[in-house]
Amino acid sequence: MPSPTPINRIVVADPVALADAAAKRLMARIEANPGRIAICLTGGSSPKQLYRLLASEAYSKRIPWDRMHWFIGDERFVSPADPLNNMAMARGIFLDRFAPKDHIHPILTDVATPDQSAERYQRELQTFYDADQLDPTRPLFDLVLMGIGPDGHTASLFPGYPAVNETERWVVGVPQAHVDPFVPRVSLTLPALASCREMLFELAGHEKHAILAKLSTDESLPANRARSLGETVLLVDQAALGEKTA
């Protein structure tokens, strides 16, 4: 299997510029693929501004919704109606307004355990991919959006947890989160997340400065181990770098 590529850091002024840069990169991936397009979304607060931008007329009219399929990199094991639900947030901001219902692929949480949910989502991904083994020459996703938590986790892959070292399964259950909210999770694994043409991290705000500094010294952190087999990009604003805007 090819080695993941180094990360490409792009510095922007602020969260508004970050969302704009992310939207432009997403559109570039869409325009590069004339066929079926798969985007893996992320939850938390980082992507909200991007999702609002995709719902704007400037972007929504340019997106070929009939060719787009939307997945999620991790989910909190809560009801879809719960405010903590990652895909519900994306659906509320833009997906339910524009995407065909059967092109939205949430991680379902109406089963007994996170492990059962993970097995179900892995089967859905494999059906979509039409194979049960990932081929490094045929990415699962066109773009994977990622965030970075204060402890260095990404998706729901937490430092020191067994899920970080999973190499066979595409999706795993995570019995307990390392950070708030302390609810069970379901997460794609590093090999599944790596199967993309581009992995795009978003990191904004002064509260992210500490973890950005830690990433430069601790290669074992999950966010440092998550790399695309294609292109890996870190969009970071000046506040996260500890700089003030002009």
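Does segment 190-210 hold any residues that are among the aliphatic types (A, V, I, L, M) and either farther than 27 Å from Asp142 by Cβ or open to solvent by 20 Å² or more (accessible area, probe 1.4 Å) (or both), and which are they? Please lay out each step first, then the result.
The first filter runs over segment 190-210 and keeps only residues among the aliphatic types (A, V, I, L, M), leaving 190, 192-194, 199-200, 203-204, 210.
Of everything in segment 190-210, those that are among the aliphatic types (A, V, I, L, M) and either farther than 27 Å from Asp142 by Cβ or open to solvent by 20 Å² or more (accessible area, probe 1.4 Å) (or both) turn out to be Leu190, Ala204, Ala210.
Within the group Asp102, Asp74, Asp115, which residue is of a type in the set (Asp, Glu), out of contact with any strand residue (DSSP E or B) (no Cβ under 8 Å at 6 or more places or on another chain) and modelled with pLDDT of 95 or more?
Numbers: Asp74 fails: out of contact with any strand residue (DSSP E or B) (no Cβ under 8 Å at 6 or more places or on another chain); Asp115 fails: out of contact with any strand residue (DSSP E or B) (no Cβ under 8 Å at 6 or more places or on another chain).
Among Asp102, Asp74, Asp115, only Asp102 is of a type in the set (Asp, Glu), out of contact with any strand residue (DSSP E or B) (no Cβ under 8 Å at 6 or more places or on another chain) and modelled with pLDDT of 95 or more.
Can you name the residue in segment 163-180 that is open to solvent by less than 20 Å² (accessible area, probe 1.4 Å) and part of a loop (DSSP other than H, G, I, E, B) and is also nearest to Ala112 (Cα to Cα) among such residues?
Here is the first cut: in segment 163-180, the residues open to solvent by less than 20 Å² (accessible area, probe 1.4 Å) are 163-164, 170-174, 177.
In the following step, the residues that additionally are part of a loop (DSSP other than H, G, I, E, B) were identified as 170, 177.
Details: Trp170: 19, Ala177: 18 Å.
Checked segment 163-180; the qualifying residue nearest to Ala112 (Cα to Cα) is Ala177.
Cβ contacts < 7 Å: first residue under 18 Å from Ile39 (Cβ atoms) and open to solvent by 60 Å² or more (accessible area, probe 1.4 Å), restricted to segment 123-139; second residue among the polar types (S, T, N, Q) and modelled with pLDDT of 95 or more, any location; separation 6+ or different chain. Result?
Cβ pairs passing all conditions: none.
Could you run through segment 185-219 and say how many residues are small (Gly, Ala, Ser) and assigned to a strand (DSSP E or B)? Reasoning before the result, please.
Keep residues of segment 185-219 that are small (Gly, Ala, Ser), which gives 187, 192, 194-195, 204-205, 210, 213, 216.
Within this subset, residues satisfying the condition of being assigned to a strand (DSSP E or B) are 187.
Residues in segment 185-219 being small (Gly, Ala, Ser) and assigned to a strand (DSSP E or B): 1 in total.
So that you can scan it fast, the table gives a plain yes or no per residue for (1) over 18 Å from the mean Cα position of the chain (by Cα); (2) over 23 Å from Trp70 (Cα atoms):
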{"residue": "Pro150", "(1), (2)": "no, yes"}
{"residue": "Val164", "(1), (2)": "no, yes"}
{"residue": "Phe182", "(1), (2)": "yes, yes"}
{"residue": "Ser195", "(1), (2)": "no, no"}
{"residue": "Phe201", "(1), (2)": "no, no"}
{"residue": "His209", "(1), (2)": "yes, yes"}
{"residue": "Ala223", "(1), (2)": "no, no"}
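May I ask you to list pairs of residues, at least six apart or on different chains, whose Cβ atoms are under 8 Å apart, with the first in segment 12-27 being touching a residue at least 24 places away in the same chain (Cβ under 8 Å) and the second being of a type in the set (S, T, N, Q) and open to solvent by 60 Å² or more (accessible area, probe 1.4 Å)?
Listed pairs, sorted by first residue: Ala13/Thr245; Asp14/Thr245; Pro15/Gln49; Val16/Gln49; Leu18/Gln49; Ala19/Gln49.
Which one of these is in contact with a Pro (Cβ under 8 Å, 6 or more places away or on another chain) and part of a loop (DSSP other than H, G, I, E, B): Gly160, Gly152? Lay out the reasoning, then the answer.
Numbers: Gly160 fails: in contact with a Pro (Cβ under 8 Å, 6 or more places away or on another chain).
It is Gly152.
Starting from residues that are aliphatic (A, V, I, L, M) and not in a loop (DSSP other than H, G, I, E, B), keep the ones in segment 119-149 and report whichever is farthest from Leu41 (Cα to Cα).
Initial filter on segment 119-149 (aliphatic (A, V, I, L, M)): 125, 131, 134, 140, 143-146, 148.
Retained after the next criterion (residues that are not in a loop (DSSP other than H, G, I, E, B)): 125, 143-146.
On the way: Leu125: 14, Leu143: 8, Val144: 6, Leu145: 5, Met146: 7 Å.
Across segment 119-149, the extreme among qualifying residues is Leu125.
The values are calculated or read from the model by the stated rules, or taken from the named source; none is laboratory data. What you see is a predicted model; the values in this text were computed from it and never measured. Neighbour counts run over all protein chains shown; Cβ positions are idealised from the backbone, glycine included. These accessible areas exclude ligands, DNA and RNA; they are computed on the full protein's heavy atoms, side chains included. Shrake-Rupley method; radii C 1.70, N 1.55, O 1.52, S 1.80 Å.
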